[in-house]
Amino acid sequence: MTRQPLRLAILEAERLLAEAGVESPRTDAELLAAHVLGVERGRLPLIPLVDPPVVDAIGQLVAQRAKRIPLQHLTGWAAVGGITVDVGPGVFVPRPETELLLEWTLTSLQNVPDPLVVDLCTGSGALALAIANARPDATVYAVDNDPVALSWARRNAEARTAEGDTAIRLYSGDVTDGALFAELDGLVDAVVCNPPYVPRGTRVAPEVSGHDPVNAVYADEGGLEVIRPAVSCAARLLKPGGVLAIEHDERHGQSVPALLSGRRVLSEVDDHPDLAGRPRFATARRG
Ligand SMILES: C[S@@+](CC[C@H](N)C(=O)[O-])C[C@H]1O[C@@H](n2cnc3c(N)ncnc32)[C@H](O)[C@@H]1O
């Protein structure tokens, strides 16, 4: 059994992924190789040669990735804040752009002891669990209306609790319900929300159209169908001084801040770009 240079296997994987139109072929090739080898990506240069079965296993995953199956469905996890969450069919894969919303929220809560936080549209539980991980003193409520997403969130929540994180409170509910979390009215320090916001009819990458749940991605009313009730819900839940951070489509850099400004109780309305400089999330504070 002749050992083969890992570097060559990765180069070949990169070539195939580039041919298939994958956006970051080198990164994905390395992450799949690292997954097969059970090491962190940064350690790949320390592995010059691999056995043929390893090359085969990398090749099989690369072939699936070339069919535009999301990288995270192949590795089974996605990173968010200081943790990873399990993801797969039926749940939205957390995106790197949401990290900035998370960071903004954690910074806003820096001087708030024992904060009460609500994550609307929690999906895999990504934001709620990352906040619970970063702030063990926080009480975090999370809600989603999709039973499959909730089953992933429950699984992730159990895994995080087993790792020692504070347990989150996970609920099945709809953001359009005007009485959602009514018992928390006026008590919440931070509301985070990454809702479905892509205007229907928008063309998206095959990884999204073929694998993210439709109701996690698209929204009617030009993409504002869930954002509008989420803003109302946040305005009701927040305590004076409490903050809202809500992600939106890059075409909503004016309309979502305008929705926030339209709420008498919200002030300090701002919009923030993502890592690519596109308008990505709006924030406000309850006055
Ligand atoms: C874009 S995903 C975000 C998931 C997670 N917050 C993240 O950042 O990875 C949107 C989530 O909102 C949920 N959702 C859609 N409409 C909803 C509604 N009306 N009420 C509650 N959840 C909703 C979907 O099921 C999906 O899990």
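The values are calculated or read from the model by the stated rules, or taken from the named source; none is laboratory data. This is a predicted model, so every value here is computed, not measured. We place every Cβ from the backbone using ideal geometry, glycine too, and count neighbours over all the protein chains shown.
Assorted remarks:
- Condition check for G123: touching an Asp or Glu at 6+ places or on another chain (Cβ under 9 Å) and either more than 12 Å from the ligand (Cβ to nearest atom) or assigned to a loop (DSSP other than H, G, I, E, B) (or both): yes
- Helices (runs of 4 or more DSSP H) lying entirely in the stretch 19-97 (those with 1 or more residues that are under 19 Å from V148 (Cα atoms) and within 14 Å of the ligand (Cβ to nearest atom)): 71-75
- Of the residues making up the stretch 140-162, those that are over 17 Å from A245 (Cβ atoms) and not in a helix (DSSP H, G or I) number 3.
- When D174, D137, D165, D114 are screened for being surrounded by fewer than 22 Cβ atoms within 10 Å (Cβ to Cβ), part of a loop (DSSP other than H, G, I, E, B) and near the ligand (Cβ under 9 Å from one of its atoms), only D174 passes.
- Selection within the stretch 179-202 - at pLDDT 95 or above, under 28 Å from R68 (Cβ atoms) and assigned to a loop (DSSP other than H, G, I, E, B): N194, P195, P196, Y197, R200, T202
- Residue check for E221: out of contact with any Phe, Trp or Tyr (no Cβ under 7 Å at 6 or more places or on another chain) and on the phi > 0 side of the Ramachandran plot: yes
- Here A142 meets the list (1) small (G, A, S); (2) within 14 Å of the ligand (Cβ to nearest atom); (3) over 23 Å from R236 (Cβ atoms) almost entirely, failing just condition (3).
- Contacts under 7 angstrom Cβ, first residue in the stretch 19-48 being without any contact (Cβ under 8 Å) to a residue 40 or more places away in the chain, partner among the basic types (K, R), 6 or more apart: E30/R41; A34/R41
- Of all the residues in the stretch 49-66, those that are touching a residue at least 12 places away in the same chain (Cβ under 8 Å) and over 24 Å from the mean Cα position of the chain (by Cα) number 10.
- Inter-residue pairs, beta-carbon under 7 Å, first assigned to a helix (DSSP H, G or I) and in the stretch 239-265, second loosely packed, with under 14 Cβ neighbours inside 10 Å, 6+ apart: E250/R278
- Filter result for the condition that a residue is surrounded by 22 or more Cβ atoms within 10 Å (Cβ to Cβ), within 20 Å of H248 (Cβ to Cβ) and not assigned by TED's automatic domain parsing to the domain that holds A276, over V143, V80: V80
- Cβ pairs under 9 Å, 6+ apart, first in the stretch 163-183 and under 17 Å from P147 (Cα atoms) and of a type in the set (S, T, N, Q), second in a strand (DSSP E or B) and within 15 Å of the ligand (Cβ to nearest atom): S172/V143; S172/D144
- Yes/no for L184 being within 14 Å of the ligand (Cβ to nearest atom) and either over 23 Å from T105 (Cα atoms) or touching a strand residue (DSSP E or B) at 6+ places or on another chain (Cβ under 9 Å) (or both): no
- Filter pass, G76 being without any contact (Cβ under 8 Å) to a residue 24 or more places away in the chain, under 30 Å from A29 (Cβ atoms) and more than 13 Å from the chain's Cα centre (by Cα): yes
- Against the conditions (1) closer than 26 Å to D146 by Cβ; (2) buried (at least 22 other Cβ atoms within 10 Å of the Cβ), P199 satisfies every one except (2).
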